[in-house]
Amino acid sequence: MGKYFGTDGFRGEAGVVLTAEHAFKIGRFLGAYYGKDHKAKIVIGKDTRRSSYMYENALAAGITSSGSDAYLLHVTTTPCVAYITRTEDFDCGVMISASHNPFYDNGIKIMNGVGEKMEESLLNQIEDFIDGVGEDIAFAKGDKIGCTVDFYSGRNRYIGYLTNVATKSFTDRKIALDCANGSSWMIGPAVFNALGAKTYVINNEPDGVNINTDCGSTHIEGLQAYVRDHKLDGGFAFDGDADRCLAVDENGEIINGDKIMYICGKYLKRIGQLPNNKVVTTVMSNFGLYKAFDKIGIGYEKTAVGDKYVYENMKENDHILGGEQSGHIIFRKYARTGDGVLTAIMLMMVMVDTQLPLSVLASEVEMYPQVLKNVIVDDKDATLDDEAVKLAVDAATAQLGDNGRVLLRKSGTEPLLRVMAEAGTNEECEKHVDAIIDAMKVNGHLVKIK
């Protein structure tokens, strides 16, 4: 990760960490970089945050002032931008969103010409330009100045694409959608209505400041109650830019990303569409998922946390399904990034094809209790290399055997380690986590438990 761009773009408090000037400079760089030998086309989407309009204008101004054209999808989802970028011959795509963060944050995600997250080498060049390193970029003049093009039709093409992915009608299925007052507020209902579902929609009245506020995939309690109260077949909760999805079964129980990967992985294997017989997960997937995969003979890969790393593994090894517990699920046959609405469609197809409710489909995954504590330390690498810490981890691993695991992971943005244990009970998890944290005190690495 660089100075500005992390694993999921340039993100921070709008007007403080991420300013309109940053957006303008990013637009300037992209317009010049892709417009060296032709009139470049760059497509921009945004979520419903008030600040997204500011960044949209700043990006477009930067792009056109460098001589390239900016195409505006307006309010749409991150996977929509990725899809349109790769199918409509754009040089790159930009999504303005801070995903599941509160409204006062915002972010800029950049995708390459095939709809994948931008390569770090180019992000490093953008960071240098923001900081004034290297040559300046000349402003376009006269008829060389770029155009800003209203491209809302691209959003409609994406909706059409999603409806064509489904091979089953959702007629007579009663489904709730929690749109988090974000990017999916129009797209989600349009897709599910077109597929015949009786669609109940909540949190679909964005006002610029209510995105993710007590709603969506990070606050799923409202959807759980809604599904139970209205006796629906299930529900789907999206985040602010709709690149993730969590589900709720007919009883109001949460179906997290791990269970979604299990349900879809088992189904794809049954119909002969799981190449290599593997699913790509991250190190934070629950131990129960791996036990369930073992029982049905599905293998798995483990990557660092971040859907970027999941996708890189999938692409390199030609895997078709991967994701995170948080609900970033990638169906590589159809998308290059997590897609919440697509994930909901895939789960619905499994329900319709098997004629089984979500509660039954998810029942084969027994989630292990998990305890996670964030610990601020003096030096992350030195703490991980400390012999006392290593001995504590080895002792916990030996005691748990095949019935759990422990994991130490460095934060990418803070001076802390994440200490996690999964076991048969919460008490056992606490015991092992606390033993590892105590070991950090031996040589003075522990600063405090956050």
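Some observations on this one:
- Any hit, segment 273-295, residues being under 21 Å from Gly115 (Cα atoms), of a type outside the set (Ser, Thr, Tyr) and buried (at least 18 other Cβ atoms within 10 Å of the Cβ): yes
- Failed criterion for Asn443 (all others in (1) in contact with an Asp or Glu (Cβ under 7 Å, 6 or more places away or on another chain); (2) closer than 27 Å to Ile260 by Cβ; (3) not basic (Lys, Arg) hold): (2)
- Matching residues, segment 149-189, being in contact with a Cys (Cβ under 9 Å, 6 or more places away or on another chain) and either part of a strand (DSSP E or B) or without any contact (Cβ under 8 Å) to a residue 12 or more places away in the chain (or both): Asp178
- Checklist (1) hydrophobic (A, V, I, L, M, F, W, C); (2) crowded, with 24+ Cβ neighbours inside 10 Å; (3) at pLDDT below 95 applied to Phe103, failing item: (3)
- Residue match in segment 46-64 (condition: at pLDDT 95 or above, part of a loop (DSSP other than H, G, I, E, B), under 18 Å from the mean Cα position of the chain (by Cα) and of a type in the set (Asp, Glu)): yes
- Matching entry among Ile110, Ile145, Ile130 (being within 29 Å of Thr87 (Cβ to Cβ), more than 23 Å from the chain's Cα centre (by Cα) and among the hydrophobic types (A, V, I, L, M, F, W, C)): Ile145
- Within segment 17-51, the set of residues being buried (at least 20 other Cβ atoms within 10 Å of the Cβ), within 23 Å of Gly115 (Cβ to Cβ) and charged (D, E, K, R) comprises Arg28, Lys41, Lys46, Asp47, Arg49.
- Screening segment 280-367 for strands (runs of 3 or more DSSP E) wholly inside it with 2 or more residues that are in contact with a strand residue (DSSP E or B) (Cβ under 6 Å, 6 or more places away or on another chain) and hydroxyl-bearing (Ser, Thr, Tyr) returns the ranges 299-303.
- For segment 364-382, a residue qualifies if it is farther than 17 Å from His432 by Cα and surrounded by 14 or more Cβ atoms within 10 Å (Cβ to Cβ), and the qualifying residues are Glu364, Val365, Met367, Ile376, Val377, Lys380.
- Test result for Val352, surrounded by fewer than 16 Cβ atoms within 10 Å (Cβ to Cβ), modelled with pLDDT of 95 or more and more than 22 Å from the chain's Cα centre (by Cα): no
- Annotation note: Cβ proximity below 7 Å between a residue of segment 236-249 that is in a strand (DSSP E or B) and modelled with pLDDT of 95 or more and a residue that is crowded, with 24+ Cβ neighbours inside 10 Å and polar (S, T, N, Q) (sequence gap 6+ or interchain) occurs for Ala237/Ser217; Phe238/Ser184; Phe238/Ser217; Cys245/Ser217; Cys245/Thr343; Leu246/Ser217.
- Boolean, Glu316 is free of Cβ contacts under 8 Å to residues at least 12 places away in the same chain and either surrounded by fewer than 21 Cβ atoms within 10 Å (Cβ to Cβ) or in contact with a Gly (Cβ under 6 Å, 6 or more places away or on another chain) (or both): yes
- Taking the criterion of being surrounded by fewer than 17 Cβ atoms within 10 Å (Cβ to Cβ) and touching a strand residue (DSSP E or B) at 6+ places or on another chain (Cβ under 8 Å), the only residue of segment 1-16 that qualifies is Glu13.
- Selection from segment 295-336 of residues that are of a type in the set (Lys, Arg), under 22 Å from Gly240 (Cβ atoms) and touching a helix residue (DSSP H, G or I) at 6+ places or on another chain (Cβ under 7 Å): Arg336
- Of the criteria (1) out of contact with any His (no Cβ under 7 Å at 6 or more places or on another chain); (2) closer than 22 Å to Asp258 by Cα, which one Val406 fails: (1)
- Selection of first residues in segment 377-405 that are over 27 Å from Ala292 (Cβ atoms) and of second residues that are small (Gly, Ala, Ser) and in a loop (DSSP other than H, G, I, E, B), restricted to Cβ pairs under 9 Å at least 6 apart or on distinct chains, gives the following pairs, ordered by first then second residue: Asp378/Gly444; Lys380/Ser411.
- Segment 201-212: number of residues that are surrounded by 16 or more Cβ atoms within 10 Å (Cβ to Cβ) and in contact (Cβ under 8 Å) with a residue 40 or more places away in the chain: 4
- When segment 106-124 is filtered for residues that are under 19 Å from Phe90 (Cβ atoms) and not hydrophobic (A, V, I, L, M, F, W, C), the ones remaining, listed by number, are Lys109, Asn112, Gly113, Gly115, Glu116, Lys117, Glu119.
- Pair list, Cβ < 6 Å and 6+ apart or interchain, from segment 412-433 residues that are closer than 11 Å to Leu400 by Cα to residues that are β-branched (Val, Ile, Thr): Ala421/Val371; Ala421/Val406; Ala421/Val433; Cys429/Val371; His432/Val406
The values are calculated or read from the model by the stated rules, or taken from the named source; none is laboratory data. These numbers were taken from a predicted model, which means no experiment stands behind them. No Cβ is skipped: glycine too gets one built from the backbone with ideal geometry, and neighbour counts run over all protein chains shown.
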